[in-house]
Each structure stands twice: as C-alpha cells, then as structure tokens.
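K.L.:
Shown below is the structure under consideration.
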Amino acid sequence: MKMKLTVLGCYGPYPAAGGACSGYLLEAGDCRLLIDCGNGVLSRLQRHLKPWELEAVLLSHLHFDHCADLLVLRYALDHARARDLRRRPLPLHAPPEPSAELKRLLYKDLFEIKPLSPGEPLTLGPFNFSFIETLHSLPCLAMRIETEDGLFVYSGDTEYFDGLAEFAAGADLFLCEANLLEGEGGGTPANHLTAAAAARLAAAAGVKRLLLTHFHPERSQALSLKEARVHFAAVEQVREGETYLITP
Ligand SMILES: [Zn+2]
C-alpha cells in the first residue's frame, strides 16, 4: 500500500502571494489524513477530496499558520452534516495546549477532539504514529509515521534539538521545516531551523530523502537550497500542489 504526500501549502508564518501556509495530505490506500491546516489549505484540499471525506485531521501545533483554515473547514462540515454527507464528527488530533486556542476551533460538535501527547502512539488506518515534543514557542509535536511500506517523518515547527535526528532516523522521507537562512538575525536562531540545520539533521538521521518546507515568504529559496546542499545531497524543496511518493 503506497504512502504518498501531497503538499497543499508550504509557507509560514504567512503565505507568499498566491501561496498557502502549512498543510499536507497523507494517503495510503483509501485512508486520507490532513496534517496541519493553515490558511489557504482548504481551497487546495478540495482539488483532491471533499473535506468531509477525510479520515482525520492532525495538527502539529496551534499556531495559525498550521490551523487557521479549520475555522472555515467547520462550515464545510456543517454543510455536510445538514445534507447527511457525513454524520460522525471529524476526529481532530492536536496538542491540548493552549486550550483557549483549541476551544476556539470547536463548533457544533463537528470535530471530535483527540489530545495528542509525546510518547503516546496512535494508529489511524494503516498509519502508526509516534510523536516527540519539539522546541518551539507553543507546544508542538514532530510526527514519525510508519506503514508496512514506508517511514515518513515530519518535523513540525522547531528550532534545533539533538533528539530530532534520532527521531527521524532511517526515514524514507523527512519533511523538515527550513524557515531561516544561516547567518541571519545575528544570533542563535530561535523557534525555527535554518535549511543548513535541517540538512545536518537529515545527514545525522541517515534519511533517504529530505524535503524542505515552511518557507518564509521574504527569504530566498534559492539560497536556502544552496545552504542545505552543502550538508546533504538528497535534498529538495517542496512544491505546492506536488505529490511525493514516500514508499521506497
Ligand atoms: Zn509555522
């Protein structure tokens, strides 16, 4: 059962002109999951399926560039319920904090909240998830997702920490944020990774392939890729709308 990933949006903390913030459609067989749902993602998602056809939504964390479109996805679910297109609530797996942010997303019991915590594994259809807390300004989880046929790791948002390379070890595909450029800001990068740091993590983890994402709309993507290539050869930048086969 092939595992594949479609990039719906790849910017943060706000989109470039015509772009969207973080959102990824993960599929294996007929199980379809949405990972993160930033602004612009709902529009792109509907090129592939109706939002009420999703098995579940997972959020790495509750910053708006990862969850803003859930506020309008609720209205699509409301429409679906009124027309009996989907009866059961859509499972929403997310870190429980900040609880005020999570509560804000809820509407007419259209979502069924399933709190995620690091160290508690989760199985959804053919996908086996494990989570680790990253180093970010809100509680944020990186995800390690395994099926019988492949291993996919998503960094979420994070600055560098040693445990991430171990967590990503052996991934067929490592989707890693690269919001920053080296030497920028004049100090230790906070909250996010440089493309070079993402590439060093990929090398340390021995992943097969690195995909950079979470681009800052005002920073040079060409320079980002150049900085990453110094440390890891099998690196690409995601392209919005593109589907990537994870299964080797
Ligand atoms: Zn973000």
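K.L.:
What is the extension gain from Glu182 to Asn128, computed as 0.36 nm multiplied by their sequence separation minus the C-alpha to C-alpha distance, in nm to one decimal?
P.N.:
Working it through step by step, the gained length comes to 16.0 nm.
K.L.:
Got a sec to turn the phi values of the range 216-228 into Karplus ³J(HN,Hα) couplings, 6.51 cos²θ - 1.76 cosθ + 1.60 with θ = phi - 60°, whole Hz, x for Gly and Pro?
P.N.:
7, x, 9, 9, 6, 6, 5, 5, 4, 5, 4, 5, 6
K.L.:
Hey, what did the range 3-245 get for relative contact order, percent, Cα under 8 Å, at least 6 apart?
P.N.:
Normalised by residue count, the contact order of the range 3-245 is 18 percent.
K.L.:
A further question follows. If the only charges are +1 at each Lys and Arg Cβ and -1 at each Asp and Glu Cβ, what is the size of the charge dipole of the chain around the Cα centre, to the nearest 20 debye?
P.N.:
760
K.L.:
Follow-up question, since we're still on this one. What do you get when you divide the Cα radius of gyration of the range 149-242 by 2.2 N^0.38 Å, with N the number of residues?
P.N.:
With N residues counted in the range 149-242, Rg over 2.2 N^0.38 Å equals 0.98.
K.L.:
Next up: Taking the dipole about the Cα centre of the range 75-222, with the C-beta of Lys and Arg at +1 and of Asp and Glu at -1, give me whichever of Pro91, Tyr154, Ser137 is farthest to the positive side.
P.N.:
Pro91
K.L.:
When the dipole is taken about the Cα centre of the range 49-161, and only Lys, Arg (+1) and Asp, Glu (-1) are charged at their Cβ, what size is it in debye, to the nearest 20?
P.N.:
Result for the range 49-161 is approximately 660 debye, rounded to the nearest 20.
K.L.:
Find the centroid of the Cα atoms in the range 178-248 and in the range 35-103, then give the distance between the two in whole Å.
P.N.:
Cα centroid to Cα centroid, the span is 27 Å.
K.L.:
Quick one: if you stick a label point 7 Å off each Cα along the C-beta vector at Asp109 and Ser137, how many nm between them?
P.N.:
It is 3.7 nm.
K.L.:
Using the Kirkwood radius over C-alpha pairs as Rh, can you work out the diffusion coefficient of the chain via Stokes-Einstein at 10 °C, viscosity 1.306 mPa s, in µm² per second?
P.N.:
89
K.L.:
Just need the relative contact order of the range 161-248 here, percent rounded to a whole number, with Cα pairs under 8 Å and 6+ apart.
P.N.:
34
K.L.:
Another question about this same structure. Work out how much length Ala100 to Ala234 would gain on full extension: take 0.36 nm times their residue separation and subtract the Cα-Cα distance, in nm to one decimal.
P.N.:
Result for the pair: 44.2 nm of gain on full extension.
K.L.:
Tabulate in residue order the Karplus-calculated ³J(HN,Hα) for the range 142-152, using 6.51 cos²θ - 1.76 cosθ + 1.60 with θ = phi - 60°, rounded to whole Hz; enter x for Gly and Pro.
P.N.:
These are the phi-based 3J(HN,Hα) values: 7, 10, 10, 10, 10, 10, 4, 10, x, 9, 10 Hz.
K.L.:
In terms of modelled amide H atoms, which long-range or inter-chain residues lie less than 5 Å from the amide H of Ser60?
P.N.:
It is Asp36, by chain and number.
K.L.:
In degrees, nearest 10, range 0 to 90: what is the angle between the Cα axis of helix 70-82 and the longest Cα principal axis of the chain?
P.N.:
With rounding to tens, the tilt is 30 degrees.
K.L.:
Which trypsin sites (Lys or Arg not before Pro) in the range 45-120 pass both tests, a DSSP loop state and at most 14 other beta-carbon atoms within 10 Å?
P.N.:
Passing both the DSSP loop test and the Cβ count: Arg47, Arg83, Arg87, Lys108.
K.L.:
While we're here: For the range 57-123, evaluate the Debye formula with one uniform point scatterer on each Cα (no solvent term) and list log10 I(q)/I(0) at q = 0.17 Å⁻¹, rounded to two decimals.
P.N.:
Cα-only, vacuum Debye calculation for the range 57-123: -0.60.
K.L.:
If you rank Leu122, Leu70 by fewest surrounding Cβ atoms within 10 Å, what's the result?
P.N.:
Placing the least packed residue first, the sequence is Leu122, Leu70.
K.L.:
Neighbouring Cβ atoms within 10 Å as the yardstick, rank Ser22, Ser43, Ser155 fewest first.
P.N.:
Ser43, Ser155, Ser22
K.L.:
Farthest toward the dipole's positive end in the range 3-245, which of Gly19, His214, Leu42, given Cβ charges of +1 (Lys, Arg) and -1 (Asp, Glu) about the Cα centre?
P.N.:
The listed residue farthest towards the positive side: Leu42.
K.L.:
Give, in nm to one decimal, the length gained when the segment between Arg47 and Met1 is fully stretched (0.36 nm per residue of separation minus the Cα-Cα distance).
P.N.:
Stretched fully, the Arg47-Met1 segment lengthens by 14.3 nm.
K.L.:
Hey, can you grab everything whose amide H is under 5 Å from the amide H of Glu182? Only 5+ residues off in sequence or another chain; H modelled, so Pro and N-termini drop out.
P.N.:
For Glu182, whose amide H was placed from the backbone, the distant partners under 5 Å are Ala195, Ala196.
K.L.:
Right, next: Explain nothing, just the number: dipole magnitude of the range 41-107 about its Cα centre with +1 on each Lys and Arg Cβ and -1 on each Asp and Glu Cβ, in debye rounded to the nearest 20.
P.N.:
Here the range 41-107 has a charge dipole of around 320 debye.
Since every read-out is calculated from the coordinates, none of them should be taken as a lab result. Predicted model, so just to flag it, every value in this text is computed and none were measured. As a convention, Cβ positions derive from the backbone with ideal geometry for all residues, glycine included, and neighbour counts pool all protein chains shown.
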